[in-house]
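Structure record follows, encoded as structure tokens.
Where a number appears in this text, it was derived from the coordinates with a stated rule and is not lab data. Since this is a predicted model, take the numbers as computed values, not measurements. Because the Cβ atoms are built from the backbone with ideal geometry, glycine has one as well, and the counts that use them run over all protein chains shown.
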Amino acid sequence: MSSRQNGLYEFGPFRVDAAQRLLTRNGEALTLPPKTFDLLVLLAENKGRVLSKPELMQALWPDTFVEEANLSCQISALRKALGVEGIAWIDTLPKHGYRFTAPVTLADNDEPLALLSDVPLAAARRRSLMPWPAVSAMMAIIAAIGWWFAWRAMRTVDHPLIRLSVDLGPDAVVDSETGVAISPDGMRIVFPARGPGGKQQLVTRLLSQAPVTLLPETQNGREPFFSPDGQWIGFFAEGKLKKIPVQGGTSVTLCDAAFGGGATWGEDGTIVGALLTLSGLWRVSAAGGRPQPLSRLGPGELTHRWPQWLPGGKAVLFTSNTRSFGFDDATIQVLSLKTGQTRTLVRGGYRGRYLPVNESRGVLVYVHQGMLFGVPFDPVRLEIRGVPLGLVEDLASNPNTGGGQFGFSREGTLVYLAGQAAPANWQVVWMDSSGKTQPLLATPGHYAFPRFSPDGRRLALTRSSALNDIVVYDWERDRMSRLPFGQHAFLPIWAPDGKHILFSSSTGSAMGLWWIRSDGSAEAQRLLEAKIPTTPYSISPDGHRLAYTETNPDTAQDLWTLPLDTSDPEHPKAGKPELFLRTPFAENEPMFSPDGRWIAYRSTESGNNEIYVRPFPPGAGKWLISTGDGLHAVWSINGRELFYETLDNRIMVVDYGVNSDSFLPGKPRLWSDKQIYNGGVTNWALAPDGKRFAVFLPPEVTSGEQRTLHMTFLLNFFDELRRRMP
């Protein structure tokens with residue numbers, strides 16, 4: 001096989017630098033795993049020639065026997081990284097191999113880059129698995145190093161990387177997003193743990209002391225972050241953004257936050273956070289008040305998350321995604337407050353963080369496929385200045401929601417939780433009220449928003465892929481089909497006739513609500529054009545109304561209904577949207593009752609995420625259904641039960657009755673004590689018989705294994721970055 005290992009290749013908007021292992025798209029760096037990059041180079045070098053599977057496997061794994069499925073996974077990953085073009089450019093020739101058909105040209109090396117070592121940090125990780133008494137002694141050692149930080153700052157001598165690994169103890173729990181934070185001075189940590197009664201709350205401790213302090217009034221607290229002076233801890237809990245003194249005391253509510261996707265505390269006392277699921281970023285005073293929109297979603301974008309103030313307070317770093325779940329293909333962007341413009345820095349990563357390695361330059365780190373990458377970054381020009389390198393390969397992270405378990409101090413200590421990334425694929429199973437499960441969809445996948453057809457024989461799901469498509473699974477025949485729609489499609493809603501599906505698209509000119517035959521035999525038809533995220537949730541039993549949510553920069557999330565004329569179901573027509581409910585709070589997920597007289601929905605009105613019921617058409621009356629918290633609601637078709645999911649992902653049920661114009665809910669009771677998996681979006685569907693649910697279970701849940709949590713400290717991490725990224 002011919003080779004030009006030092007060559008530069010260009011095709012379409014892409015440029016490949018084989019020597020520096022760099023892939024860019026229109027000048028922006030993209031991250032590829034090592035084997036996937038090697039595969040791209042092989043295909044580009046042999047453009048137009050069919051490469052057999054044995055030939056490719058021998059080249060990629062010369063000294064190792066691997067299954068053919070490994071090659072298929074790499075091909076799939078490469079196509080996904082290249083987007084829609086990749087699907088067309090890599091031909092699969094059954095029984096022969098693969099052929100790269102993109103028009104590849106050899107480029108001149110007119111943009112020299114400084115060569116950087118891509119040797120990862122030492123792979124051998126020695127861990128000290130210590131009980132809490134031993135942790136105290138170890139923490140004292142860390143504290144003893146504290147005096148050394150100031151002394152070190154006055155010297156130019158680099159110091160060796162020091163690694164310390166600590167067992168967090170039996171009460172530590174894994175937060176699905178960001179479970180660990182370190183204070184700016186590097187002397188205090190905070191993480192979630194089980195408090196009295198087993199309920200999660202935040203824990204803090206000084207590294208120089210043994211006692212662990214449970215912070216009061218932080219029940220269900222998550223995603224902690226420090227104020228710049230280290231005196232306060234901000235966090236999300238129960239539908240609110242809050243803060244609490246590091247010494248403990250009374251927590252202070254700052255504003256509503258129906259969703260917590262990360263927050264950052266600026267030097268000027270302004271907090272920027274992701275407060276809604278399908279929304280841009282918001283800013284609010286650290287003293288509390290009404291949030292104001294900061295960033296606005298661009299064409300095709302669905303969410304902005306994980307913000308960070310850059311030095312000087314003139315720009316904000318954040319993660320953007322065209323999907324509500326699945327973040328390995330997200331982008332790291334920066335917003336200039338001076339110009340109001342955003343710039344994409346990295347494609348293929350999430351939870352970007354700027355590390356101030358020296359006074360004028362730093363490193364942008366981000367997560368991709370469970371690894372922490374870093375690339376030199378100029379915070380003044382807001383520009384990438386080099387090649388991404390792998391830094392930490394055992395980072396616990398969640399590609400489904402974009403969370404990464406790491407933090408850093410100003411003095412250069414990186415702290416992170418070691419472990420595997422959350423599974424990108426999960427099982428879809430039947431579950432009854434006893435918690436007993438049995439397979440429903442045999443092949444694990446990256447699924448969301450499941451919905452049963454009216455007859456219960458088919459299950460529609462959103463599947464995360466290069467196109468973010470919708471699939472329909474006939475579970476009786478074990479047959480999966482994909483709806484033919486070329487843009488990002490999600491959240492399928494069955495029409496009452498069982499022959500059509502309504503769904504949402506989030507991309508460019510296709511943004512809005514669409515209608516399509518469930519067997520895919522006809523092209524999709526647009527019902528509603530939208531300029532902001534619009535998410536459908538239910539159709540009335542007579543098929544004449546759609547209930548949906550619209551994100552509003554001023555009033556968070558509002559509920560609307562859309563009149564539907566389906567007298568000709570192959571050519572439906574939509575009327576003028578009608579506002580159902582708009583308040584200062586966030587309302588979401590409107591669900592029609594079986595008789596069409598009521599709408600159940602979620603709201604932050606009480607200070608928590610709760611489930612409410614209102615009459616339809618809009619009239620007098622409002623009834624609180626959940627007690628304490630509620631995520632998703634669904635009606636039983638029997639007209640007597642309303643189910644909802646709790647924040648800890650258990651299913652509750654409420655019996656109800658109706659007396660004239662009054663809704664009469666009973667007391668909520670636990671339907672099943674078994675926890676189901678929540679990847680950040682709707683994760684269940686009630687079968688029409690009302691006796692069982694389709695739910696998600698990740699591999700670790702089905703195995704019953706317990707994960708041991710370790711906190712790893714990398715002292716002198718900034719020195720390490722200076723050595724590796726001069």
Cβ-derived FRET efficiency at R0 51 Å, THR443 paired with VAL50, nearest 0.05: 0.95
Only Lys, Arg (+1) and Asp, Glu (-1) charged, at Cβ; the chain dipole about Cα centre in debye: 660 debye
Segment 8-106: Rg to Rh, with Rh as the Kirkwood radius over Cα pairs: 0.93
Highest-first arrangement of 50-60, 236-246, where packing means the average Cβ count within 10 Å: 236-246, 50-60
Of the DSSP H helices in the chain, those whose Cα atoms cover at least 20 Å axially and whose Kyte score averages 0.5 or more: 132-153
Average Cα contact separation per residue, segment 424-528, under 8 Å, 6 or more apart, as relative contact order %: 17 percent
Listed pairs LYS531/LYS667; LYS35/LYS531; LYS53/LYS80; LYS35/LYS314 exceeding 29 Å between Cα atoms: LYS531/LYS667; LYS35/LYS531; LYS35/LYS314
Highest to lowest packing among 365-378, 521-534, scored as the average C-beta count within 10 Å: 365-378, 521-534
Cα-projected label distance for THR253 with THR105, points at 7 Å along beta-carbon direction, nm: 6.1 nm
Simple label model, 7 Å out from Cα along Cβ direction - LEU214 to ALA287, nm: 3.4 nm
Cα-based Rg and Dmax for segment 396-453, where Dmax is the largest Cα-Cα distance (Å): 17.4, 56
Sites GLU570 and ASP268, calculated FRET efficiency, Cβ-Cβ separation with R0 51 Å, nearest 0.05: 0.35
Selection from LEU564, HIS96, TRP494 lying farthest towards where the dipole of the chain points positive, charges on Cβ: HIS96
For segment 261-312: Kirkwood Rh in Å [reciprocal of mean 1/r, alpha carbons]: 11.2 Å
Mean ellipticity per residue at 222 nm, deg cm²/dmol - from DSSP H runs of n ≥ 4 across the chain, formula -39500 (n - 2.57): -3000 deg cm²/dmol
Distribution of pairwise C-alpha distances over segment 426-697, 10 Å bins, in %: 7, 31, 38, 21, 3, 0
